[in-house]
1. With respect to the cross-link table entries Lys81/Lys188; Lys148/Lys172; Lys83/Lys172; Lys145/Lys188; Lys65/Lys172, which display a Cα-Cα separation exceeding 27 Å?
2. Could you give the dipole magnitude of segment 121-273 about its Cα centre, charging the beta-carbon of Lys and Arg +1 and that of Asp and Glu -1, in debye to the nearest 20?
3. Which three extents, in angstrom, do the Cα atoms of segment 115-269 have along their principal axes, listed largest first?
4. For segment 52-178, how big is Rg over Rh, using alpha carbon atoms and the Kirkwood form of Rh?
5. When a/c reaches 1.5 or more, the comparison of a/b and b/c decides; with that in mind, is segment 71-131 rounded, prolate or oblate per its Cα gyration tensor?
6. Could you quote the convex hull projected area for segment 113-194, Cα atoms only and averaged over all directions, in nm²?
7. Going by C-beta contacts inside 10 Å, put Phe203, Phe122 in order with the fewest on the left.
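Just so you know, all these numbers are worked out from the coordinates, no wet-lab data involved. Predicted model only: the values in this text are computed from it and were never measured. Counting neighbours? That spans all protein chains shown, and the Cβs are built from the backbone with ideal geometry, glycine included.
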Amino acid sequence: MTDDPRFPDRREALKCMAWAGTGALYALNAGIARSAILDGAGPGAASAVDFTFLQLSDSHIGFDKAANPDARATYREAIAKVKALTVKPDFIIHTGDITQLSRDDEFDYADQILSETGIPAFFVPGEHDMVDEGGGKAFLSRYGKGSKGAGWFSFDHQGVHFVALVNVADLKPGGMGNLGAAQLAWLKADLAGRSASTPIVVFAHIPLWTVYEQWGWGTGDAQAALALLKRFGSVTILNGHIHQIVQKVEGRMTFHTARSTAFPQPAPGTAPSPGPQVVPPGQLRSMLGITDVTFRRGDQRIALIDSTLA
């Protein structure tokens, strides 16, 4: 999937992003950075950017516990915002935990609602997408065409190279994510020969840096992957899993985690363990709000503006 025919390589520049708690909308421009806010990109936005794309994460279709008795409803709200955009993103990436239990009816529902956008989508699995008897076969049968191993792949779009990694295969409860030797060897080959000026966007489910080791919020062999990426001038790494926005800048690599569309989790170390966080019903959508993030290539300062679903 390195050369996806839907996305011809045209211009090389990752410039600006706008994020959302129910999803994250990214605007990429070869000139001045512009924001494209999920709540409604204006009519002039199309001429200001090369393209946009959207991140969704941790939809947990099928979840119905106290933290959110109807995760399908909040997922529908997120997709409704996407459908209402004036400027449609070129594609969507979903950074895992599409479902709660890897059941066919859960995948079917997620696909049905997402298909209403008419926007192409790319997926990496979360651990909840790999709990079927086949250990992820249900996920791969739907989303793994052309991928390698447990579902990793790459593609190019308008001069930006996108890399989808899988760090939830054979995940132990509470354990750190793992990429494994085969995937790291593939990543090395995938990046070889690419110009250091090529903007890189990496997306995976579990963060590729250690947010909180005690809860398994990190990837044990991430440093091996980051060592392969450090020669590039602009690397953006997008993750889910922890259901909250955490960010980090390390050299020329910028890391972001996205909120869930289903339920919040506690901040690292503020509870006995991770898991669905119960908040008063009137506060739930304030925990699933929209965050606008502006990223300028070469600038480590990232501006965050939160607006909620409430």
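1. On the way: Lys81/Lys188 37 Å; Lys148/Lys172 22 Å; Lys83/Lys172 37 Å; Lys145/Lys188 21 Å; Lys65/Lys172 23 Å.
Those over the limit are Lys81/Lys188; Lys83/Lys172.
2. Numbers: 12 positive and 10 negative charges, 86 e Å.
About 420 debye.
3. In descending order, the Cα extents are 39, 36, 34 Å.
4. Values: Rg = 14.6 Å, Rh = 15.2 Å.
When Rh is taken as the Kirkwood radius, the ratio is 0.96.
5. On the way: a/c = 2.31, a/b = 1.66, b/c = 1.39.
Taking the square roots of the gyration eigenvalues as a ≥ b ≥ c, segment 71-131 is prolate.
6. Values: hull surface 27.6 nm².
Approximately 6.9 nm², given one-decimal rounding.
7. On the way: Phe203 25, Phe122 19.
With the sparsest Cβ surroundings first, the list reads Phe122, Phe203.
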